[in-house]
Amino acid sequence: MNRIGIDLGGTKIEGILTDENYQSITRKRIPTNQEEGYNSILESIKNLILELVQESNDKVSIGVCTPGALSLSSSLIKNSNTQCLIGKDLQNDLKNILHYNVFIENDANCFALAEAKLGAGKNSNLVFGVIMGTGVGGGIIIDGKIHHGRTNIAGEWGHHCLHAEGNICYCGNKGCVETYISGPALERQWSQMSGLNQSLPEIIQNSDNPNFGSWKKSFLDNFSLSLSNVIDILDPDMIILGGGLSNIDFLYDEGKSSIYEKVFSDTIDTPIVKNQLGDSAGVFGACLIS
Ligand SMILES: [Zn+2]
């Protein structure tokens, strides 16, 4: 049986066809065109899947990795930063137009699963994978399987509270991790501190700026508090960082030290490592759920 994995992102939809050992046979990429709305996205995914099916010489199983969580009570998508997906039943809508069974999973869980089985976490039993990019999320993998939890919110690390009276989040709560260490949040903080509107890679290059030290300290304080909380509760074998912010080198030395200082243990040695699959974690994660 071959596998098809679709990674539905905010700007692009990527598809892969693999053999049963997850070796790539072919890959395709198309734009998401969010502004054209849900039905257009549905049609794009359908066409992409049918193209991949045509290139398969065997039966296929199909998985889709999507932003946002799936509501346990209704199977509808909630909390997605691709807004036109919210409240939609993507899984059943795809089944109905494709006449194939389709599995669906949120992007942070797909990332964590792909890295745990095929990437940086291959020999670890309990892996916590985090995505830090435009949004912030996490996934828990135990013995090669996604831990969903009783109400399907396990690993929703981006929306646990760091500061009780902190920044207001779109989710309705205050002080969520995502409002401090997502790319847009960090760029906003930099703009307030320095008066400069710069992208995150530009800010990192600008370390001579007199405001850089306090910006970085605040970033590391929030990063380390949010991950030390995870270690205190889960004590994972490995934490794997993904998303655009995983390219920031100081997270792996100063960031790691700062986490260790906050953990409730005197023997902390949890590896904090960079992903190995890069942008491909989504499509491989989607293959792995099908
Ligand atoms: Zn939130």
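Every number in this text was worked out from the coordinates using simple rules, so none of it is lab data. All of these numbers come straight from a predicted model, not from anything done at the bench. Cβ placement follows ideal geometry from the backbone for every residue including glycine, while neighbour counts extend to all protein chains displayed.
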About its Cα centre, the chain carries a charge dipole, from +1 on Lys and Arg Cβ atoms and -1 on Asp and Glu Cβ atoms, whose size in debye to the nearest 20 is 460 debye
Residue-count net charge about Q83 - beta-carbon cut-off 14 Å; Lys, Arg +1, Asp, Glu -1: 0
So how tilted is helix 183-194 from the main axis of the chain? Cα-based, degrees 0 to 90, rounded to 10. 30 degrees
Have a look at L17, V130, A120 and report the one farthest towards the positive end of the charge dipole of the chain, computed about the Cα centre with Cβ charges (Lys/Arg +1, Asp/Glu -1). L17
How many angstrom separate the Cα center of region 83-131 from the Cα center of region 205-255? 25 Å
For region 85-218, with only Lys/Arg (+1) and Asp/Glu (-1) charged at the beta-carbon, what is the dipole magnitude about the Cα centre, in debye rounded to 20? 220 debye
Just going by the charge dipole of the chain, with Lys and Arg at +1 and Asp and Glu at -1 on Cβ, which of P201, I62, I248 is farthest out on the positive end? I62
Mean separation of Cα pairs under 8 Å and 6+ residues apart, divided by the residue count of the chain: what relative contact order is that in percent? 20 percent
Just to confirm a number: summing +1 for Lys and Arg and -1 for Asp and Glu over residues other than S24 whose beta-carbon lies under 14 angstrom from that of S24, what do you get? -2
For region 63-176, calculate the relative contact order in percent as a whole number, restricting contacts to Cα pairs under 8 Å that are 6 or more residues apart. 18 percent
Compute the angle between helix 38-54 and the longest alpha-carbon principal axis of the chain, please, reported from 0 to 90 degrees and rounded to the nearest 10. 60 degrees
Most packed first (mean Cβ within 10 Å per residue), the peptides 221-234, 110-123 order as 110-123, 221-234
Strictly over 27 Å apart at the Cα level, which of K28/K256; K95/K145; K122/K217 would you flag in this model? K28/K256; K122/K217
What aspartates and glutamates sit close enough to K274 to cross-link, taking a C-alpha to C-alpha distance under 15 Å and skipping anything fewer than 8 places away on the same chain? E115, D237, D249, D253, E254
Cα-centre dipole for region 1-58 with unit charges at Cβ (Lys and Arg positive, Asp and Glu negative), debye to 20: 100 debye
Show which aspartates and glutamates lie in cross-link reach of K117 when reach means a straight Cα distance below 13 angstrom and same-chain residues fewer than eight apart are skipped. D143
Give the angle, between 0 and 90 degrees and rounded to the nearest 10, that separates the Cα long axis of helix 212-234 from the longest principal axis of the Cα atoms of the chain. 60 degrees
